[in-house]
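Data first, discussion second: the structure below is written as structure tokens.
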Amino acid sequence: MNVEFRNEPFTDFTLPANQEAMKAAISKVRGQLGKKYPLVINGEKIETMDLLVSTNPAKPQEIIGNFSKANTDLADQAMRSALAAFESWKRTCPKERARILFKAAAIMRRRKHELSAWMILEIGKSWAEADGDVAEAIDFCDFYAHEMLRLSGPQPLTANAGEENELYYIPLGVGLVIPPWNFPLAICVGMTSASIVAGNTVILKPSSETPAIAYQFVEVMEEAGLPKGVLNFLPGPGASVGDFLVTHPKTRYIAFTGSKEVGLRINELAAKPQAGQLWIKRVVAEMGGKDSIIVDADCDLDMAAEGIVAAAFGFQGQKCSACSRAIIDESVYDEVVAKVVERTRALKIGTPEERLNNYGPVSSKSAYESILEYIEIGKKEGKLECGGNKIDTKDGGFYIEPTVISAVAPAARISLEEIFGPVLAIIKAQDFDHALEVANNTEFGLTGALYSRNRSHLERARCEFHVGNLYLNRKCTGALVGVHPFGGFNMSGTDSKAGGRDYLLLFTQAKSVAEKF
Ligand code: NAD
């Protein structure tokens with residue numbers, strides 16, 4: 001465990017052995033579909049009558065699993081379990097806590113394809129996207145374990161004669177972890193593992209779209225030897241169970257990743273102290289994005305078009321970091337639009353279970369309907385270049401064509417609002433100043449990219465492109481743990497920089513101890 005952190009490599013699916021392994025994993029997981037799953041409170045498996053049904057977006061009639069749903073009584077029980085476990089877990093040596101994460105990473109590495117298969121079937125990720133999600137989850141465990149070892153070591157302080165001075169990072173208490181469905185393993189693992197390794201105990205409320213993959217992680221942590229009560233698994237409706245736990249006086253902090261609307265609501269509810277509450281609740285909230293790629297007059301146009309299409313349509317545009325706006329200098333506008341359209345048309349659409357398909361269904365019926373509505377709005381706000389339709393399949397999957405709409409005004413709705421689907425708005429910029437102004441004109445500030453050969457433009461983007469994650473001459477998706485600490489500005493969230501050296505501090509408080517001799 002003293003080995004330096006290194007990112008988990010992605011699987012090379014051109015190799016026949018890896019193809020066979022993934023096919024075997026998909027059929028293994030398919031053999032486990034449709035089971036009933038319990039809540040996990042204090043290590044105890046509790047089944048309820050009220051069920052949450054998780055389905056396959058490529059075949060909505062296929063049930064992935066039936067999940068026991070919590071109510072507020074069970075949520076209270078989970079809180080009592082997490083509070084009791086905190087008393088011993090907070091005293092557990094940080095090295096011992098880190099070892100659980102190293103072990104969890106090793107288990108996930110061994111079960112990599114199986115975990116990918118759950119995401120392929122439960123949320124429609126392609127092989128490569130699912131593999132990337134698992135690799136990121138492994139990275140989070142390894143990285144935060146290393147980080148805890150660093151934070152639990154001696155901290156540098158200025159010497160003061162006659163005193164011994166030390167600073168310790170101690171845990172906060174019970175955290176409520178609320179992940180989204182779009183990185184249903186990586187983000188769930190990231191927020192939970194950071195919490196746990198720092199000495200907190202957790203109530204994990206998974207997304208209602210992806211409880212099956214979250215349950216796999218809970219089992220991984222059990223196998224890794226995590227004591228009972230440290231991680232409590234509590235699927236349930238956001239509106240009742242979510243609000244109950246957010247406002248619970250014993251909740252110490254909330255780690256949330258999801259939409260701006262839900263994040264702001266949580267932030268507001270958490271800010272109000274409740275009777276018996278002893279602290280100001282901490283809210284780590286990573287929210288939406290409306291991310292732009294700027295294409296400058298002088299750049300490699302093919303590389304730019306390649307980056308735009310990959311970032312706009314990877315996982316059907318359902319990434320907070322997805323490129324939903326391409327802002328193109330007018331001198332190269334027509335050429336780049338043509339290249340983007342050509343590459344978009346070449347995407348291989350179809351069931352994510354097939355290796356060569358790199359574009360699948362969107363996550364759910366409600367997402368499908370909302371995206372189709374935005375496409376209708378977009379058709380009025382700009383020029384439809386390609387896509388724009390739903391795709392009917394025999395299984396009734398939620399497929400929507402990758403859609404490119406050009407000649408969009410900077411203040412149009414499809415330019416400013418997060419669609420969270422496969423819709424790319426293209427905006428013409430008069431020059432670089434104008435491109436930067438448009439890139440900064442939304443309420444979000446998550447990711448952005450600039451393709452340019454102009455050194456002064458690259459330098460200006462570093463200062464003036466106001467996003468938490470800026471990429472120069474590469475696409476705006478695909479942040480790597482430890483390499484690109486991730487989190488956004490403005491309404492994109494609290495800029496927590498997941499996968500960075502500042503992240504664990506959000507899950508701890510520093511205690512300074514001075515002894516005069
Ligand atoms: P969402 O806000 O609908 O749901 C997120 C989570 O909140 C889910 O687990 C949901 O069940 C829960 N929830 C809903 N209402 C709640 C309530 N009242 N109290 C407590 N919990 C509640 O978001 P989503 O659709 O799951 O995810 C997509 C969104 O997430 C997009 O906006 C995307 O940009 C954002 N996202 C951001 C990042 C980032 O790092 N900034 C990463 C991934 C996704």
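The values are calculated or read from the model by the stated rules, or taken from the named source; none is laboratory data. What you are looking at is a predicted structure, and each value in this text was computed from that prediction instead of being measured. No Cβ is skipped: glycine too gets one built from the backbone with ideal geometry, and neighbour counts run over all protein chains shown. These accessible areas exclude ligands, DNA and RNA; they are computed on the full protein's heavy atoms, side chains included. Shrake-Rupley method; radii C 1.70, N 1.55, O 1.52, S 1.80 Å.
At a probe radius of 1.4 angstrom, the accessible area of the range 291-480 per residue rounds to 39 square angstrom. Based on C-alpha pairs under 8 angstrom that are at least 6 apart in sequence, the range 291-480 has a relative contact order of 30 percent.
Can you pull out the trypsin sites (Lys or Arg not before Pro) in the range 78-109 that DSSP calls coil and that have at most 10 other Cβ atoms within 10 Å?
91
Taking all protein chains as shown and a probe of 1.4 angstrom, residue 15 keeps an accessible surface of around 90 Å². A straight chain from residue 441 to residue 27 at 0.36 nm per residue would run longer than the Cα-Cα distance by 144.4 nm. The percentage of C-alpha pairs in the range 402-517 whose separation is greater than 18 Å is 61%.
The value given for the chain is a Kirkwood hydrodynamic radius of 23.6 Å, derived from the mean inverse Cα-Cα separation.
Run through the range 419-457 and list the trypsin sites (Lys or Arg not before Pro) located in a DSSP loop whose Cβ has at most 12 other Cβ atoms within 10 Å.
Details: sites: 428, 453, 455; in loops: 453.
Those satisfying the criteria are 453.
When the Cα positions of 320, 49, 273 are compared along the charge dipole of the chain, 49 comes out farthest toward the positive end, with charges on each C-beta of Lys, Arg, Asp and Glu. Computed over the range 1-111, the convex hull of the alpha-carbon atoms projects to a mean area of 10.5 nm². Keeping the other protein chains in place, figure out the carbon and sulfur percent of the accessible area of the chain, with a 1.4 Å probe. Carbon and sulfur atoms account for 52 percent of the accessible area of the chain.
Could you provide, to the nearest whole Å², the per residue accessible area of the range 78-228 with probe 1.4 Å?
Using a 1.4 Å probe on heavy atoms only, each residue of the range 78-228 averages 30 Å².
Counting only Cβ charges, +1 for Lys and Arg and -1 for Asp and Glu, the dipole size of the chain around its Cα centre is about 1340 debye. As a ratio to 2.2 N^0.38 Å, the alpha-carbon radius of gyration for the range 291-480 is 0.97. Here the range 141-255 has an Rg and Dmax of 16.7, 59 Å, counting Cα atoms alone. Across the range 90-163, Cα-Cα distances exceeding 16 Å account for 60% of all pairs.
Computed from Cα atoms, the angle from the helix 260-271 axis to the main principal axis of the chain rounds to 30 degrees.
For residue 316, neighbours were defined as the other residues whose beta-carbon sits under 13 Å from its Cβ, and their charges (Lys and Arg +1, Asp and Glu -1) total +2. Once the Cβ-Cβ distance of residue 384 and residue 161 is raised to the sixth power relative to R0 = 51 Å, the FRET efficiency obtained is 0.10. Ligands, DNA and RNA excluded, the heavy atoms of residue 466 present near 90 Å² of accessible surface to a 1.4 Å solvent probe. Applying both filters, DSSP loop and at most 13 other Cβ atoms within 10 Å, to the trypsin sites (Lys or Arg not before Pro) of the range 309-360 gives 348.
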